[in-house]
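Right, one structure below, let's go through it.
The values are calculated or read from the model by the stated rules, or taken from the named source; none is laboratory data. Keep in mind that what you see is a predicted model, and the values were worked out from it rather than measured. With ideal geometry, Cβ positions are generated from the backbone for all residues, glycine too; neighbour counts draw on all protein chains shown.
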């Protein structure tokens, strides 16, 4: 989840939600920012301040059987819901206490050091 940092202390509950990122089996993720990330419209600012929050499933992992360690994500019976749309966290995923503050230039791809993404 990407939010716009507020003026006070970091608080996921009160910050404006801008986008959801989605990860793959290698821990890489993609976040696409839409128009809410650039308030005011037409002119893009030189930089955008963002805060990256991470939700993780169960930390249980078995090197002997990594597929069995994958969390079961229950999306519900409704064919169109927030979990399936990718705008809600599946049951069992927990917001991590750490976050990463980023400053991006519009139109730029950003890579983050792997060590910076280690949440426990």
>> With the requirement that a residue be over 15 Å from the mean Cα position of the chain (by Cα) and under 22 Å from residue 98 (Cα atoms), what does the stretch 50-88 give you?
In response: 58, 59, 60, 61, 71
> Within the stretch 88-120, how many residues are out of contact with any strand residue (DSSP E or B) (no Cβ under 9 Å at 6 or more places or on another chain), within 30 Å of residue 44 (Cα to Cα) and either modelled with pLDDT of 70 or more or assigned to a loop (DSSP other than H, G, I, E, B) (or both)?
Replying inline: 6
> Identify, please: which residue in the stretch 53-67 is in a loop (DSSP other than H, G, I, E, B) and surrounded by 12 or more Cβ atoms within 10 Å (Cβ to Cβ) and is, among those, modelled with the highest pLDDT?
Replying inline: 57
> Taking the stretch 73-82, which residues are surrounded by 13 or more Cβ atoms within 10 Å (Cβ to Cβ) and either at pLDDT 80 or above or not in a loop (DSSP other than H, G, I, E, B) (or both)?
Replying inline: 82
> Would you pick out the residues in the stretch 31-52 that are out of contact with any helix residue (DSSP H, G or I) (no Cβ under 8 Å at 6 or more places or on another chain), surrounded by 11 or more Cβ atoms within 10 Å (Cβ to Cβ) and not in a loop (DSSP other than H, G, I, E, B)?
Replying inline: 36, 37, 49, 51, 52
>> Against the condition at pLDDT 80 or above, closer than 22 Å to residue 96 by Cα and assigned to a loop (DSSP other than H, G, I, E, B), how does residue 14 come out, does it pass?
In response: yes
>> So if I check each of 14, 103, which one is loosely packed, with under 14 Cβ neighbours inside 10 Å and touching a residue at least 40 places away in the same chain (Cβ under 8 Å)?
In response: 103
> In this structure, is residue 70 within 30 Å of residue 6 (Cα to Cα) and surrounded by 10 or more Cβ atoms within 10 Å (Cβ to Cβ)?
Replying inline: no
